[in-house]
Amino acid sequence: MKAIFDKVSEDCSKIVIKEYSTSFYRATKLLSKSIRNDIFNIYGFVRFADEIVDTFHKYPKRKLLDQFEKELWLSIEDKISLNPILNSFQHTVNKYNIETSLIRSFIKSMRMDLDIRRYSSQQDYKEYIYGSADVVGLMCLKVFVSGSKKEYNVLKPYAMSLGSAFQKVNFLRDLKSDSEILNRVYFPNIDMKNFDENSKDKIIEEIEKDFEHALKGIVKLPKKARFGVYIAYRYYNKLLKKLKNTSSRDIKESRVRIDNFQKFIVLTRSYVKYQLNLILWI
């Protein structure tokens, strides 16, 4: 039965986010059940594409990405795929009329990871951020607003800021592994040699502005999405503060993390504020 196949497909996407990112999995579990699976579906697609360009070092990455993209467009057109990750993703794409332009921008950024090792211009850097992060936030926003064009257009700038902030935090904490393993540095005109306190402070200031703008949109989200997105925001804001208090030398030498106890504290405090109406949107 097709219904069973679709359920198995969605279960696969759920497994992907659970195995690859416990933080996002916990945050997504706080979304309304009515939209939870669709966010799992988006994450599963994004993660698999990212895996191709980031970890399959012994395999023909470009060929694999070409095949993945070809199957992607066929799945959206046919409304089915034997690849369970693509099958669940096409379901969400067709259900909410997610624009193909968003998906094309995402794939383009994945291809940039195959071709570009250093970003020397703000234009290329911003294009990569848009395709790899902003559009993911916009796809999720389509789900949050149930496909409403009016709500989507109002909240679009804030969703892009949140996606940018998340991605830049990842770039900063993964500076060492991206440079040493993937031979990539995303921040323009920065490398491991000239990354110092001044460079770090400028990057953090930029991310703080993104977060400040994003929060203005989070409070306007539909209730079914608001708390889950806020928790993801709090997790990453906590990580940013830890990076801010970590020397540039230590960032270059190790990956900064938030341990499970600190994540639990963030969740507990946020939930208490939510229940006591201490957050400005309640």
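Laboratory data are not the source of any read-out in this text; all were calculated from the coordinates shown. None of these values were measured; they are calculated from a predicted model. With ideal geometry, Cβ positions are generated from the backbone for all residues, glycine too; neighbour counts draw on all protein chains shown.
Return yes when LYS220 is outside any helix (DSSP H, G or I) and of a type in the set (D, E, K, R) and no when it is not. Criteria met by LYS220.
Here is a yes/no grid of residues against (1) farther than 19 Å from GLY137 by Cβ; (2) in a helix (DSSP H, G or I); (3) in contact with a helix residue (DSSP H, G or I) (Cβ under 9 Å, 6 or more places away or on another chain):
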| residue | (1), (2), (3) |
| --- | --- |
| ALA3 | yes, yes, no |
| ILE17 | no, yes, yes |
| PHE40 | no, yes, yes |
| PHE45 | no, yes, yes |
| PHE56 | yes, no, yes |
| TYR59 | yes, no, yes |
| GLN90 | yes, yes, yes |
| LEU102 | no, yes, yes |
| PHE106 | no, yes, yes |
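Entry remark, the stretch 216-230: residues being under 13 Å from GLY137 (Cα atoms) and under 17 Å from the mean Cα position of the chain (by Cα) number 4 in total. Filter the stretch 23-35 for residues that are free of Cβ contacts under 8 Å to residues at least 24 places away in the same chain and among the hydroxyl-bearing types (Ser, Thr, Tyr) and give the result. The answer is TYR25, and nothing else. Test PHE48 against the criterion of being touching a Leu at 6+ places or on another chain (Cβ under 9 Å) and touching a residue at least 12 places away in the same chain (Cβ under 8 Å), and give yes or no. Criteria met by PHE48.
With respect to being farther than 21 Å from ASP11 by Cα, in contact with a helix residue (DSSP H, G or I) (Cβ under 8 Å, 6 or more places away or on another chain), touching a residue at least 40 places away in the same chain (Cβ under 8 Å) and among the charged types (D, E, K, R), ASP113 fits the description. The single condition among (1) surrounded by 13 or more Cβ atoms within 10 Å (Cβ to Cβ); (2) without any contact (Cβ under 8 Å) to a residue 60 or more places away in the chain; (3) more than 20 Å from the chain's Cα centre (by Cα) that GLU180 does not satisfy is (1).
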